Each structure stands twice: as C-alpha cells, then as structure tokens.
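Step one of this worksheet: look at the structure below.
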Amino acid sequence: MFRKLLIANRGEIACRVIATARRMGIATIAVYSEADAGARHAELADEAWPIGPAPARQSYLDIARILDAAKRAGAEAVHPGYGFLSENADFAARCAEAGLVFVGPPVEAIRAMGSKAESKALMARAGVPLVPGYHGEDQHPALLAAEAGRIGFPVLIKASAGGGGKGMRVVERAEEFAAALEGARREAKAAFGDDRVLVEKYLTRPRHIEIQVFADSQGNTISLFERDCSIQRRHQKVVEEAPAPGMDPARRAAMGEAACAAARAVGYVGAGTVEFIAEGDAFYFMEMNTRLQVEHPVTEMVTGLDLVEWQLRVAAGEALPTTAPQLRGHAIEVRLYAEDPARSFLPATGMLTHLRQPAEQPGAVRVDTGVRQGDRITPFYDPMIAKLIVWGEDRAAAVRRLSAALAEYEVAGLRTNLALLRNIAAHPAFAAAELDTGFIARHGAGLLATPAPEARLLLAAAALFVLRDQQAAIAAAAASSGDPWSPWATPDAWRLNGEGYQDLFFRLGEGEPTRLRSVPLGEGAYRLELPGDAAVAKLEPLAEGFRLSLDGITRRLGLLRRGAEITIILDGANHLVVQEDPLAPPAREAAGSDRVTAPVPGRVTRVLVQVGEEVSRNAPLLVIEAMKTEFTLRAPMDGVVAAVRARLDEMVEEGAELVSFAG
Ligand code: ADP
C-alpha cells in the first residue's frame with residue numbers, strides 16, 4: 001500500500017478521501033488554491049501545498065503544478081476525486097509518466113468513455129442497450145436533422161464531449177431543430193472546445209438509474225448495485241438513493257450484468273459508474289463515469305463498504321474481496337447547495353455566517369462537507385455546501401430520518417436549497433417513490449414554499465433576542481462602571497413609578513411594522529403584547545441555539561442577528577424579522593432599473609453590446625459564468641447603452657454595475 005497520497009481536489013471529496021487514507025495509515029497531501037487557503041481539506045491533510053490562483057484553470061486543473069507538488073512532497077499515488085482532472089486521460093497518463101499511481105482506471109478506459117458518442121458506439125458493439133439515436137461522426141446539420149426525424153420527436157441533442165448538463169437541448173418539433181442545434185453547438189464549443197453532438201430519443205418520464213461497478217487488475221468485475229438519481233434540477237442530481245424503489249432482483253441482475261459488460265468492454269479497473277436511463281421496464285446506457293461519483297455514499301451505506309478504501313486497494317494491485325456484496329436497508333443522499341431555487345437555481349456565494357449540521361450517527365446519519373461556519377462559498381467552484389446521507393431499515397425509515405436530520409440543519413449567510421430538500425423529503429409523492437427526472441418541475445411551487453410559522457412565534461423570538469442583547473450590553477456597561485449594583489444598571493425597564501415597559505417595532509415580510517410592548521417579569525421572562533393576545537415568553541440559551549417558551553409551549557430555535565435583521569431558524573427553515581426604528585428617516589429609493597448589475601459573482605464570458613447601441617427590452621447584453629452555469633443578462637428596458645463596465649474574461653462581484661442605459 002502507498003505511504004503517501006496526494007489528493008488532487010478540494011472541498012468535501014478531498015476531506016472524504018483524507019478520512020479513509022488516514023484510517024488506512026496513509027499520509028495525505030492536500031493541494032489548495034489561493035481561494036482555499038485555510039480551507040477544511042487543507043487543514044485536515046497532513047501536508048497542504050499551494051498550487052496557484054483561485055480560478056480552477058490555474059490551480060486544480062493545472063496538471064504541471066499538481067504533479068510538481070506531488071513530486072516535491074514525495075507522493076506515491078494521486079486520488080483525483082470527482083470533477084476537475086478526475087476524467088482527464090492526459091492527467092492520468094502524466095501521473096504514470098511521473099511514476100505516480102493514478103487512483104482510477106487505465107488511461108485507455110478514460111479515453112474510450114470520454115466521448116458520449118464514441119462510448120455509445122462501443123457499447124452497441126458490446127451488446128449494451130442504447131437509447132435510440134444517432135451518434136455518428138458525420139455532423140452535417142441536414143443529416144442530424146434527418147436523423148432527428150427518423151428517431152422521432154421529441155429528441156435530445158447532447159454535446160458529445162458533454163458533462164454537467166451543458167450543451168443539452170430538448171427539441172419538441174422539427175422546425176425548432178436547426179436553432180437548437182446551433183445553441184447546443186455553441187455551448188459545447190465554449191465549454192469543451194468540441195462542438196460535436198449526438199441526437200437521441202428524448203424520454204418524457206424517465207428515471208436515472210446507475211450501477212456502481214468495481215473492477216480489479218486481476219480481471220474481476222462486480223456490480224455494487226444501483227442508485228436511483230431521478231430527482232434532478234436542470235438535469236443535475238439533487239437526491240440519490242439506493243436501492244432504486246421498485247427494482248426487482250431480475251432487473252437488478254440484468255442491469256448489473258449490462259454495467260459489468262460495459263466496464264469489461266473498456267478494460268476497466270477501479271470504481272466506475274454506468275448510468276442508465278430507464279422508462280417502464282426498459283433501460284438504456286447513457287454514459288460511464290470513470291471515477292468516484294458524488295453520490296457514492298449511498299452505496300457505502302447499503303453495502304457497508306468503503307469505496308475509497310477499495311479504490312486505494314485496487315490501485316495498489318490488490319484483488320477485490322471474493323465475498324459477494326450484500327444489500328442492506330435503504331440509503332438516501334441529498335445535496336445541500338448554495339443556490340436560490342426560486343430564481344431558477346441561481347448559484348449563491350458568500351460567507352456561511354452560521355452553520356449547524358445534523359448530529360452524525362454512525363451508519364445512520366452522515367454529513368460529508370468541505371466547509372465550516374465562517375467559510376465562504378466562492379464563485380470559483382461548485383456551490384455544494386454538503387451532502388447529507390441517511391440510512392434506514394427500509395425506505396420509509398430512511399425518509400423519516402432524512403426529514404429529521406434536515407430539520408436539524410441551520411444555515412445562514414447565503415441562500416440554499418434547504419427548504420427545497422425539506423419539502424422533497426416531506427412530499428407524499430416522494431414517500432410513495434413516484435420518481436422520475438421531472439419530479440421537481442412537476443411539483444414546482446409546492447416544493448419551493450417555506451412553511452410560515454405563526455407570526456406570534458417569530459415576533460416573540462425576535463423581541464426576546466433583542467431584549468437579551470440589550471441586557472447583555474447594559475450588564476457589560478454596568479460591570480465596567482463604578483457601581484455595578486445601581487438600580488439604573490438593571491436591564492429590565494424598571495421605572496421609579498409604575499410598570500416599566502419597552503416598545504419594539506418589527507417588520508415581518510412585506511407588511512407594516514408591528515409594535516410590540518414588552519414588560520419584564522424577572523428571571524428573563526417577559527409579558528409580550530403580541531398580535532392576537534398578550535403572552536408570557538422566555539428565551540433561554542442552549543449549548544447550541546435557544547429554547548423559546550411561549551404560551552407554555554417550548555421550542556428549540558436558532559437566532560442570529562446582523563444589524564437590524566434577525567434570522568430565526570426553525571425546523572431547518574430561515575425566517576427574517578427586521579427591527580424597525582420608528583424615528584429613522586425613510587429608506588432611500590431603490591436604484592432604478594436603468595442599469596444592469598451582476599446577479600452573482602462570476603466571469604464575463606461574452607459582451608454582446610457596445611456603447612451607443614440601441615437595444616430593446618430583454619435583449620441579451622452580457623453572459624456571466626459562475627459555478628459552472630451561464631447567466632445571460634438582459635436589457636431591463638428599451639434604450640441606448642450608455643456604458644459597459646465589464647470586459648471579456650473579467651471577474652465581477654455580485655451587484656457590480658455592468659451596463660447602464662440612457663432611457
Ligand atoms: P451530463 O453528462 O451532461 O450530466 P447525462 O448524459 O448524464 O448528461 O444526462 C443528464 C441527465 O439528463 C440525465 O440524468 C437525465 O435526467 C437527462 N437525460 C439524458 N438523456 C436523456 C434522454 N434520452 N431522455 C430524457 N432525459 C435524458
């Protein structure tokens with residue numbers, strides 16, 4: 001076994017690999033970009049080497065710098081994680097040239113599976129079922145259109161070199177084919193430097209079911225069963241589970257066999273995933289990912305195996321265990337992303353000002369993450385915050401545990417998909433395992449809603465939190481003054497005559513501010529004049545968070561304050577209450593819409609207008625790329641471009657003014 005392993009990755013997967021390596025007594029070397037100085041993965045490793053600036057191209061994708069770090073640190077092997085260089089055949093080849101073991105499949109296997117089109121041709125020859133389609137070399141638009149007609153609409157155009165859902169277009173009708181082809185090609189060219197595409201039948205209500213395979217260099221290839229990854233947004237996975245609901249042993253065996261045949265056809269060694277799209281009883285090969293998948297933990301939970309351990313063992317030349325793997329219980333993973341589901345999953349960036357993760361329970365609740373409270377989600381990399389994986393005796397038990405664990409999550413500082421995940425976990429259609437790739441789109445609005453707890457509860461929590469802060473401030477001032485026992489220093493609105501009270505004003509949502517009169521009752525309790533009725537309320541700190549008692553009912557909640565904004569985290573959902581100062585001047589009018597600002601921090605990839613150009617409302621102005629996604633900024637009005645403040649390839653901050661107009 002290797003003594004020293006370099007992990008050519010970052011974030012949760014780097015941390016994940018480090019954990020197994022450590023358990024196996026293998027020393028770990030992390031690499032980190034300037035944006036990741038002090039990141040969790042760099043801190044966990046035995047050594048951490050800087051490899052360049054924040055943009056991935058200059059650090060995590062820079063083969064020379066990574067190999068240089070590996071050589072200088074004395075690594076014997078390199079684990080590429082997923083993403084970045086994990087499916088880069090050149091990287092694997094150059095590791096070998098440098099005398100390093102690449103923890104992954106042979107270079108030829110990566111190459112063979114690297115192109116969706118070529119791998120499909122290969123699979124057809126190996127007898128693996130394919131979605132009806134065209135994946136030939138001839139890329140003439142007329143030929144592609146004719147093939148689309150032959151396949152029958154709707155069809156899906158996919159970038160042959162594709163990944164991450166880029167360069168994909170659904171085409172419903174023949175008339176739309178030419179334009180869609182052009183769009184897919186442009187996107188593919190920009191993302192992969194290769195505009196070849198394939199065309200296949202678009203299945204309207206499919207499931208994504210993939211098989212985890214493992215092969216050793218002795219010629220053994222096994223299936224570690226399936227994962228169902230049907231719950232997706234924009235063709236990207238959000239929820240994954242194992243086993244796939246409704247999978248019967250015969251079908252599992254057939255899919256496992258097809259996946260092993262696919263792996264054998266390319267001389268596969270190591271961990272790999274063969275992705276199938278399934279509809280009814282039929283299943284078709286989509287692609288093979290020649291690396292460890294994001295969602296590998298669900299397979300680990302149901303098999304009890306450590307896939308990273310087996311990757312390392314196989315890479316070191318060991319044979320797979322001869323005992324047949326067993327499937328036990330049910331596991332579900334959800335991906336917590338910094339993004340805004342209400343704004344078409346726009347990635348979010350910023351600091352995780354508050355982060356409380358569910359308590360881990362060995363074998364039952366697992367959190368894989370690369371960040372801690374106070375860390376930043378930057379525009380340079382994938383916006384995933386963490387993966388939550390749960391296990392249960394059966395699917396129903398796993399779903400219950402998922403909901404319970406999600407309720408423990410508290411995240412503040414940036415927008416996340418936490419409410420979406422909670423709503424999926426609680427959805428009757430999810431409980432009934434009615435899964436297909438259209439799940440999120442179909443259940444739409446219902447999945448985006450956040451529960452609205454009683455206004456009384458939120459107002460009481462906010463008021464008591466503000467009063468607590470006041471008390472602490474007054475107590476601190478009194479302690480540092482000459483007379484700590486002065487009645488004036490007692491922070492309880494005590495008056496010389498009569499009942500003392502204090503009025504606080506809060507705004508909840510869009511409505512008018514609510515006046516809330518509070519009367520101290522001693523020992524931290526207050527009488528609060530809440531909407532509806534007055535109540536006795538009390539807020540007590542816990543080791544983590546607070547306990548609020550209101551109307552005799554106690555609840556745990558998280559409370560955070562930033563200026564006048566108080567965030568109340570209840571059952572994993574964030575609610576904002578703003579403290580108003582009735583004497584403050586009215587807020588300045590919001591900036592007019594005669595300018596366009598960056599919705600996310602990112603890199604400008606296209607500038608489509610010039611100063612002086614006349615544009616109509618909704619005309620595309622600029623394209624920004626952030627976190628693997630492109631955002632087209634459009635004109636808010638008809639007008640003349642007065643200024644363009646962004647250059648091609650420039651990194652822009654969120655909120656930066658990019659284009660302004662003369663009306
Ligand atoms: P990428 O590599 O870009 O992620 P994939 O080929 O893995 O693209 O496909 C991603 C997702 O797109 C699948 O999980 C599925 O939801 C959807 N998809 C792919 N092919 C088809 C198809 N023929 N019909 C319907 N949906 C498809």
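The values are calculated or read from the model by the stated rules, or taken from the named source; none is laboratory data. Worth saying up front: this structure is predicted, and the values here are computed from it rather than measured. Cβ: placed from backbone, ideal geometry, glycine included. Neighbour counts: every protein chain shown. The protein model used for the area step is the full one, side chains on, heavy atoms only, and it has no ligands, DNA or RNA in it. Shrake-Rupley method; radii C 1.70, N 1.55, O 1.52, S 1.80 Å.
Here the Kirkwood formula, the inverse mean of 1/r across different C-alpha pairs, assigns the range 455-579 a hydrodynamic radius of 15.2 Å. Determine the alpha carbon to alpha carbon distance for each of Lys166/Lys201; Lys158/Lys237; Lys71/Lys237; Lys120/Lys201 and list only those over 25 Å. Result: Lys71/Lys237 exceed 25 Å. Taking all C-alpha pairs of the range 207-448, those more than 21 Å from each other amount to 57 percent.
Can you tell me the orientation of helix 177-192 relative to the chain, as the angle in degrees between its alpha-carbon axis and the longest Cα principal axis, to the nearest 10? It works out to around 80 degrees. Calculated accessible area for the range 4-103 comes out at 37 Å² per residue, all protein chains present (probe 1.4 Å; ligands, DNA, RNA ignored).
Under 20 Å from a label point set 7 Å out along the Cα-to-Cβ vector of Arg234, the amide N atoms of the range 648-663 belong to 649-656. With each label modelled as a point 7 angstrom along the Cα→C-beta vector, the Glu309-Val536 pair spans 5.6 nm. Reported to the nearest whole Å, the Cα centre-to-centre distance from the range 359-373 to the range 60-89 is 26. Take Val274: with every protein chain present and a 1.4 Å probe, its accessible area is about 0 Å². Hey, any idea what % of the chain's accessible area is carbon plus sulfur with a 1.4 Å probe? Carbon-and-sulfur percentage of accessible area, whole number: 51.
Counted residue by residue at 0.36 nm each, then reduced by the alpha carbon distance between them, the extension gain from Glu630 to Arg561 reaches 21.5 nm.
When all alpha carbon pairs of the range 46-155 are counted in 5 Å bins from zero, the resulting P(r) reads 2, 10, 16, 16, 13, 10, 9, 10, 7, 5, 2, 0 %.
With every protein chain present, what is the per residue accessible area of the range 241-324 (1.4 Å probe, Å²)?
Working: 2610 Å² over 84 residues.
Per residue, the range 241-324 has an accessible area of 31 Å².
Between Asp68 and Glu614, 0.36 nm times their residue separation minus their Cα-Cα distance comes to what?
Details: separation 546, 0.36 × 546 = 196.56 nm, distance 5.12 nm.
Gain in length upon complete extension: 191.4 nm.
Helix 11-23 and the longest principal axis of the C-alpha atoms of the chain enclose an angle of approximately 70°.
Each listed q (0.07, 0.10 Å⁻¹) maps to a log10 I(q)/I(0) for the chain from the Debye sum over equal C-alpha point scatterers, namely -0.54, -1.04.
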